[in-house]
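Enquirer: This is the structure I have questions about; it appears just below.
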Amino acid sequence: MSDRPLEIKAFADLDYQENAYVIATQTDASNPVGWIIDPGFPPQVQQVLEYVSGRGITIEKILLTHGHIDHIAGLDPAHQAHPEAKVWMPAAEQCMLEDAQANLSAPFGMGITVETRADADLSPGLELSLGRFTWRVFDTSGHSPAGRSLYCQEAGVVIAGDALFAGSIGRTDLPGSSQEQLISHIRENLLVLPDDTIVHSGHGPSTTIGIERKSNPFVSDG
């Protein structure tokens, strides 16, 4: 990884179209360090863990952009494989880990909870370090009550969770959702980023801030 100071690998869940991510970078240590973001349903989470193991990545954190079931379903196996990794997620949504109604699995006929609990609050304005890279936490709630995005200025990348998609935004017909709030947060916290910022979304392909500012029918300047 020495020729690629920051590597982002996406893993798509074919059933629910949810994207989990592994972010890693090489440090002075022999092994790269990294994070797992939004581990989902099997077999996706197993693919994530096989990739991490194969690359010899030391996982420092497991980050959850929000608490909907498709973004937390793989938390238990991910944490069991990396028990030293701290789990970070929005404090207001930590109850979703143990509440099938709140994480929306019960309304969709699944009734799933996870045993792992969060260690820390992914609060807006917080800055997290991964190697030499700094990631800032943005409030992009609206799809969920306390959804978050993660922005790295040095790499020109934002992990947008289920806030902003290529040509769309997160659903706002769910309990705790607000389209007005979501659009406001996208415009205030994401569309102000440089045009060439790459957006890695919780579902679907990657895009850029410039493309979405110009053409996204929900939040574009037009």
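Enquirer: Quick one: count up the residues across region 132-164 that are in contact with a Pro (Cβ under 9 Å, 6 or more places away or on another chain), among the hydrophobic types (A, V, I, L, M, F, W, C) and assigned to a strand (DSSP E or B).
Expert: 3
Enquirer: Still on this structure, I have one more. Limited to region 121-131, what total is found for residues that are free of Cβ contacts under 8 Å to residues at least 60 places away in the same chain and part of a loop (DSSP other than H, G, I, E, B)?
Expert: Qualifying residue count for the region: 5.
Enquirer: Please go through (1) buried (at least 22 other Cβ atoms within 10 Å of the Cβ); (2) at pLDDT below 95 for Phe108 and return the number of the only condition it doesn't satisfy.
Expert: Among (1) buried (at least 22 other Cβ atoms within 10 Å of the Cβ); (2) at pLDDT below 95, the lone unmet condition for Phe108 is (1).
Enquirer: Taking region 94-116 only, how many residues are within 18 Å of Arg148 (Cα to Cα), touching a helix residue (DSSP H, G or I) at 6+ places or on another chain (Cβ under 9 Å) and either among the charged types (D, E, K, R) or part of a helix (DSSP H, G or I) (or both)?
Expert: Of the residues in region 94-116, 2 are within 18 Å of Arg148 (Cα to Cα), touching a helix residue (DSSP H, G or I) at 6+ places or on another chain (Cβ under 9 Å) and either among the charged types (D, E, K, R) or part of a helix (DSSP H, G or I) (or both).
Enquirer: Just to be sure before I move on: is Asp196 of a type in the set (D, E, K, R) and either buried (at least 20 other Cβ atoms within 10 Å of the Cβ) or in contact with a Phe, Trp or Tyr (Cβ under 8 Å, 6 or more places away or on another chain) (or both) in the structure I sent?
Expert: Considered against the rule, which asks whether it is of a type in the set (D, E, K, R) and either buried (at least 20 other Cβ atoms within 10 Å of the Cβ) or in contact with a Phe, Trp or Tyr (Cβ under 8 Å, 6 or more places away or on another chain) (or both), Asp196 comes out as no.
Yes/no matrix, rows are residues, columns are (1) under 16 Å from the mean Cα position of the chain (by Cα); (2) more than 21 Å from Phe41 (Cβ to Cβ):
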| site | (1), (2) |
| --- | --- |
| Ala78 | yes, no |
| Ala81 | no, no |
| Leu104 | no, no |
| Phe108 | no, no |
| Arg117 | no, no |
| Ser123 | yes, yes |
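Enquirer: Could you check how many residues of region 1-45 are among the aliphatic types (A, V, I, L, M), assigned to a strand (DSSP E or B) and either more than 14 Å from the chain's Cα centre (by Cα) or modelled with pLDDT under 95 (or both)?
Expert: Adding up the residues that qualify gives 2.
Enquirer: Return the pair list, or none, for Cβ contacts closer than 8 Å from residues in region 36-52 that are in contact (Cβ under 8 Å) with a residue 60 or more places away in the chain to residues that are of a type in the set (Ser, Thr, Tyr) and crowded, with 23+ Cβ neighbours inside 10 Å, at least 6 apart or on different chains.
Expert: Here the result reads Ile37/Thr65; Asp38/Thr65, each pair linking region 36-52 to a residue that is of a type in the set (Ser, Thr, Tyr) and crowded, with 23+ Cβ neighbours inside 10 Å.
Enquirer: Further question: Any residue that is crowded, with 21+ Cβ neighbours inside 10 Å and among the polar types (S, T, N, Q) - is there at least one of those in region 31-40?
Expert: Checked region 31-40: no residue is crowded, with 21+ Cβ neighbours inside 10 Å and among the polar types (S, T, N, Q).
Enquirer: Please find, among Gly176, Gly142, the residue that is on the phi > 0 side of the Ramachandran plot and in contact with a helix residue (DSSP H, G or I) (Cβ under 6 Å, 6 or more places away or on another chain).
Expert: Testing whether each residue is on the phi > 0 side of the Ramachandran plot and in contact with a helix residue (DSSP H, G or I) (Cβ under 6 Å, 6 or more places away or on another chain) leaves just Gly142.
Enquirer: Going through region 165-222 one residue at a time, which ones are of a type in the set (Gly, Ala, Ser), touching a residue at least 40 places away in the same chain (Cβ under 8 Å) and in a helix (DSSP H, G or I)?
Expert: Ser184, Ser215
Enquirer: A further question follows. Assuming Val87 fulfils every condition listed in (1) more than 14 Å from the chain's Cα centre (by Cα); (2) not in a loop (DSSP other than H, G, I, E, B) apart from one, which condition is it?
Expert: Failed condition: (1).
Enquirer: Yes or no: region 161-176 includes at least one residue that is under 19 Å from Ile36 (Cβ atoms) and crowded, with 20+ Cβ neighbours inside 10 Å.
Expert: Yes, region 161-176 contains at least one residue that is under 19 Å from Ile36 (Cβ atoms) and crowded, with 20+ Cβ neighbours inside 10 Å.
Enquirer: Restricting the search to region 56-96, which residues are out of contact with any strand residue (DSSP E or B) (no Cβ under 9 Å at 6 or more places or on another chain) and either free of Cβ contacts under 8 Å to residues at least 24 places away in the same chain or surrounded by fewer than 17 Cβ atoms within 10 Å (Cβ to Cβ) (or both)?
Expert: Gly56, Asp76, Gln80, Pro83, Cys95
Enquirer: Checking the condition assigned to a helix (DSSP H, G or I), under 18 Å from His203 (Cα atoms), aliphatic (A, V, I, L, M) and at pLDDT 95 or above, which residue from Val48, Val52 passes?
Expert: Val48
The values are calculated or read from the model by the stated rules, or taken from the named source; none is laboratory data. Keep in mind it's a predicted model, so treat the numbers as computed, not measured. Every residue, glycine among them, receives a Cβ derived from its backbone with ideal geometry; neighbour counts consider all protein chains shown.
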